[in-house]
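Worksheet: one structure, shown below.
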Amino acid sequence: MDSSSLKCLEFGKLVLKSDLLPNSWSKISEVYESTNRNQDSSLKIKIYPETKYTTVVFDAPLLRTNYPSDSASTTLSGTPDQNPFHFLYLEKIPSFSIHAPAYQLFDSAKNDLIHLKSELLKSKKQVILTGAALGGSVASLFTLWLVDTVDPKLRRPLCIAFGSPLIGDASLQQILENSLRNSCFLHVADAAQTLLTQAFKPFGTFLICFDSQCICIDDPETVTELLGGANTDEVVWRDYSEVLGRLVQPLAVETRLIVDDGIINRMADRAANKKLRFDPLIKLNHMKIEMMHLEKYKKKSTMGYYDRFKTNMKSPDSIVDVVTEKRKKELNDYWISLVKEVEKMPQSEKSLLKTRSLFAGHNYRRLVEPLDIAEYYLRGKREYRTTGRSRHYEMLEKWFKAENIKPTRWEGRDLSDLLTFDSCFWADVEEAMLVNNALRTQLVGREVLFEKLMKFEEYVWKMIEKREVSPEIFLEGSSFMKWWKEYKEIKGLHAPPTHFTEFMNNNKHESYGKPADKE
């Protein structure tokens, strides 16, 4: 038996040593036996206050196997008042489907569940939500609904479902894969009882019970392989006291867990691949250090940060330039991955990751995107803003703007270390230089070209007024100064003056951003 199989087996034994499973099952059995199955078709809920826990049992009527197939799932989307699980949505996954019978029971008992939710949120004890068959499915839905409003300082509820049909489709599985909620679910399943259908996918942790052994698995692909047999008896009541009793009996001989080696090996490979996915917040500190090195590179650039990188991209003249390119790639790989991770999270869980990386992402974008712009235009491309910009830059900018943070820039502040606020500034400079070139040779459509240059001039002047542009753009040899000299010549001596042209012609740009600067 390999190490992966042993870990699953040992984890399964550890779960069995706790009293949670037998205690939960005894309460489920008590409620089940006290219910008249022939007369009662509603959802039953019973609360058991205990010293350590508050246990809530969900008991549902038996579901007949001839339930109409076209109603097997319910698609949820829409606003909070229409959908109790709206907080789970991802930007790329606006809807998902759940088990229709379970949802119908959940929805029919909504008033009772609202009251129950209010009571449980007051509890200082660990909350255990449990049920068997369809009751476990309703318990799972209630857990998803409850955990969204649980105080993060308190322990999250645990849902223990015995032999319950799965409740969500592949979209819900994908949403929960990267969610803290995934750890709130323990599904106990007899390997002889198939819980899976094509429409529904597993999430959470599964305790899969064989003849006299069990394994604990949180890998959905492995769960699908182990429980995805031909049996469709997914909602028939099964007495798990016999299953649990079998597992705690001492064995006279050594037994082996009968699981195909291929299944275990595939699970081990997936686990190894997951380890390669970094923890974004742990690696963030390293990325900040890499950004500090780029800031040093910026300070030593006599012709300007953007233009030094652009010039040396053609023929790197030092090891520093080569290392800078490597740092840029590492930073880009990190932030692209981080943005993808954030986008996989449910809306209600994004805030922590976005907040802790918000300012670092803002500085990264202003520091590194100009270098990507330099590469872009060196390849002879155009229209960076509309056709060349990476999505991760767009999302970082969107998230920062959504916080509505107003920077403080007082009049006399030294701006020498400032990163230009608009990280696409140099793309607009490149486009303006291309317009300059077009005006030298183009006889038709010149008014449109002049209008583009006027808009660019207004854009630059607004940033100068707000002190949102770095003084390095005014360094001799910079692409911006090259554009300005050509633009000045194109406008001619008799063109009406503007705030920007007066600022440049009177050499006020030479003192811009210095400590005693008083524009």
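The values are calculated or read from the model by the stated rules, or taken from the named source; none is laboratory data. Just so it is clear, the model here is predicted, and its values are computed rather than measured. FYI the Cβ positions are ideal-geometry reconstructions off the backbone, even for glycines, and counts take in every protein chain you see. Heavy atoms of the whole protein, side chains included, go into the accessibility calculation; ligands, DNA and RNA do not. Shrake-Rupley method; radii C 1.70, N 1.55, O 1.52, S 1.80 Å.
The residue that is farthest from the chain's Cα centre (by Cα), among those in region 463-495 that are surrounded by 14 or more Cβ atoms within 10 Å (Cβ to Cβ) and among the basic types (K, R), is K491. In region 443-456 there is no residue that is touching a residue at least 40 places away in the same chain (Cβ under 8 Å) and either open to solvent by 20 Å² or more (accessible area, probe 1.4 Å) or more than 20 Å from E369 (Cα to Cα) (or both).
The residue that is modelled with the highest pLDDT, among those in region 186-231 that are in contact with a Cys (Cβ under 8 Å, 6 or more places away or on another chain) and assigned to a loop (DSSP other than H, G, I, E, B), is G204.
For region 1-36, a tally of residues being at pLDDT 65 or above, surrounded by 12 or more Cβ atoms within 10 Å (Cβ to Cβ) and part of a loop (DSSP other than H, G, I, E, B) returns 1. For region 280-311, filtered to residues that are over 18 Å from S357 (Cα atoms) and without any contact (Cβ under 8 Å) to a residue 24 or more places away in the chain, the residue that is least open to solvent (accessible area, probe 1.4 Å) is R308. For region 389-401, filtering for residues that are of a type outside the set (A, V, I, L, M) and surrounded by 14 or more Cβ atoms within 10 Å (Cβ to Cβ) leaves 7. One residue stands out in region 361-388 among those that are among the acidic types (D, E) and under 25 Å from the mean Cα position of the chain (by Cα): the one that is most open to solvent (accessible area, probe 1.4 Å), namely D372.
No other residue among F425, F421 is at pLDDT 80 or above and closer than 26 Å to K491 by Cα apart from F425. The listed residues are L146, L141, L172, L154, and the only one of them that is open to solvent by 40 Å² or more (accessible area, probe 1.4 Å), of a type in the set (A, V, I, L, M) and either without any contact (Cβ under 8 Å) to a residue 40 or more places away in the chain or in a helix (DSSP H, G or I) (or both) turns out to be L154. On the given criteria, is K314 modelled with pLDDT under 80, surrounded by fewer than 14 Cβ atoms within 10 Å (Cβ to Cβ) and under 17 Å from L418 (Cβ atoms)? In short, no. Please specify each residue of region 496-506 satisfying the condition of being within 48 Å of the chain's Cα centre (by Cα), among the polar types (S, T, N, Q) and open to solvent by 20 Å² or more (accessible area, probe 1.4 Å). Passing the criteria: only T498.
Only one entry of Q126, Q104, Q82 meets the criterion of being modelled with pLDDT of 90 or more, of a type in the set (S, T, N, Q) and surrounded by fewer than 21 Cβ atoms within 10 Å (Cβ to Cβ), and that entry is Q104.
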